[in-house]
Structures are given as C-alpha cells and as structure tokens.
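The values are calculated or read from the model by the stated rules, or taken from the named source; none is laboratory data. Here the structure is a predicted model, which is why all the values come from computation and not from measurement. Backbone-built Cβ (ideal geometry, glycine too); neighbour counts: all protein chains shown.
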Amino acid sequence: MSSAKRVRERRADADVDGQTGRRDGGPKATTEVGARRRVVSTEWGRRDAVTRRLLAAADLIGLVVAVSFAVLAADQRPDWLELVAAFVPTLPAWTFLFKLYGLYDRDIKRISHTSLDDLPWLFHALVVGTLLLWAYYKLIAVPQLTFLETALFGIAAVIVISLLRSIVRTIVPRILGPERSRDHIQIGNRAVV
C-alpha cells in the first residue's frame with residue numbers, strides 16, 4: 001500500500017464526527033477559505049488599548065522633558081520657556097509619526113515585547129521628527145535650535161522615552177492583570193484556557 005493511500009485512510013478514520021475532521025472535535029486543519037481560525041486576534045483587548053494610550057502619553061511626556069532638558073542644559077538662551085511653548089503644538093505630529101513607525105501596534109503582535117525592541121524604530125522616528133522640528137522652527141518666529149540643543153534633545157529623548165516606555169510596560173500588566181481572551185489556545189489535543 002502506498003504512503004498516500006495510508007494517509008487518506010488515516011484521515012478517513014480520524015473523521016469521527018463528520019464536521020471537524022478530528023476525534024476530539026477540535027478545529028479542522030484545512031486550507032479552505034474561512035475554515036482556518038486566525039492565530040492573532042482581530043480585536044484589541046482592554047489592556048492593549050490602555051497600554052497604547054499610556055505609551056503615547058509616555059512618549060509625549062518624554063519629548064517635553066527632553067526638549068526642556070536640552071534647552072536648559074545647553075544654556076544658550078535667556079528665555080527657554082518660549083522654545084518649549086513653541087514645541088508643545090508639535091506633539092500631535094510626534095504621536096502621528098510614532099504611530100506611522102508602529103511604536104504603538106507592536107505589543108499586540110508579539111508575546112514578549114520590550115522597550116529595547118522599539119529602539120531602532122524610536123531612533124529613526126526621532127531623527128525624522130527632529131528634522132521636521134528644525135523645519136518647523138524655521139517657519140515660526142522663534143529662535144532656531146542650536147546644534148548642541150538638537151544633539152542633547154536627541155540623546156535625552158531616546159533615553160527618557162525608552163525609560164518611560166519600560167515603566168509603562170512593567171506597570172500595566174501588574175495593575176490590569178493578564179489579558180483575557182474569549183477564545184482558547186489549542187495545543188495538541190488539549191485546550192489551554
């Protein structure tokens with residue numbers, strides 16, 4: 001008997017209930033459209049929504065802290081609040097830029113996600129954002145950021161935002177607990193709830 005014939009016979013024997021193709025009533029392993037269940041949820045749970053919002057808030061706080069630190073540490077202008085006040089209207093654009101880089105969507109796609117995983121995207125988003133910020137300051141009537149202020153802003157932003165993101169990812173699961181799912185995970189012949 002050929003191996004293909006044996007496989008067909010095993011499949012026929014395994015089709016006990018006529019619907020699922022498995023003895024235990026689990027999902028049928030086919031490639032038919034709609035017959036396979038998605039591994040990744042199409043819905044975002046409450047904890048994921050809270051995490052995304054807190055990450056965005058941490059990013060905005062980190063940006064304001066970084067620009068304030070850069071202006072104060074460089075000590076090259078008498079009125080540092082003017083530059084920080086001109087920075088505040090750019091915060092929605094920073095959130096949009098970080099969203100474009102996927103900094104708020106990666107947590108749901110991975111089992112374990114650390115702030116170190118975000119570092120390449122965060123760094124690149126900060127480089128692009130800083131260039132756009134430079135252009136923004138050219139358009140308004142505020143003195144330009146100096147090179148020292150820009151360098152300090154970039155370094156401080158990477159450090160502060162990474163630290164705040166790490167704090168958010170540590171605190172949220174402790175406060176809200178594990179993510180609850182309406183479905184279960186099928187491992188072998190047992191259902192894990």
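Ile159 - would you say it is among the aliphatic types (A, V, I, L, M), modelled with pLDDT of 90 or more and more than 30 Å from Asp79 (Cα to Cα)? Answer is no for this residue.
Quick one: in the range 126-150, of everything that is at pLDDT below 85 and more than 15 Å from Phe69 (Cα to Cα), which residue is surrounded by the most Cβ atoms within 10 Å (Cβ to Cβ)? Step by step, filter the range 126-150, then rank; the result is Val142.
Is there any pair linking a residue in the range 122-142 that is in contact (Cβ under 8 Å) with a residue 60 or more places away in the chain to one that is part of a helix (DSSP H, G or I) and surrounded by fewer than 17 Cβ atoms within 10 Å (Cβ to Cβ), with Cβ under 7 Å and at least six apart or on different chains, and which? So the pair list comes out as Val142/Glu82. Contact map, the range 48-73: residues that are on the phi < 0 side of the Ramachandran plot and of a type in the set (S, T, N, Q) paired with residues that are part of a helix (DSSP H, G or I) and at pLDDT below 95, Cβ distance under 7 Å, separation 6+ or inter-chain. Pairs shown: Thr51/Asp107; Thr51/Val168; Thr51/Val172; Ser68/Val84. Within the set Phe123, Phe153, the sole residue that is surrounded by 18 or more Cβ atoms within 10 Å (Cβ to Cβ), among the aromatic types (Phe, Trp, Tyr) and assigned to a helix (DSSP H, G or I) turns out to be Phe153. In the set (1) in contact with a His (Cβ under 9 Å, 6 or more places away or on another chain); (2) under 14 Å from Thr146 (Cα atoms); (3) of a type in the set (Phe, Trp, Tyr), Tyr101 fails one condition alone, (2).
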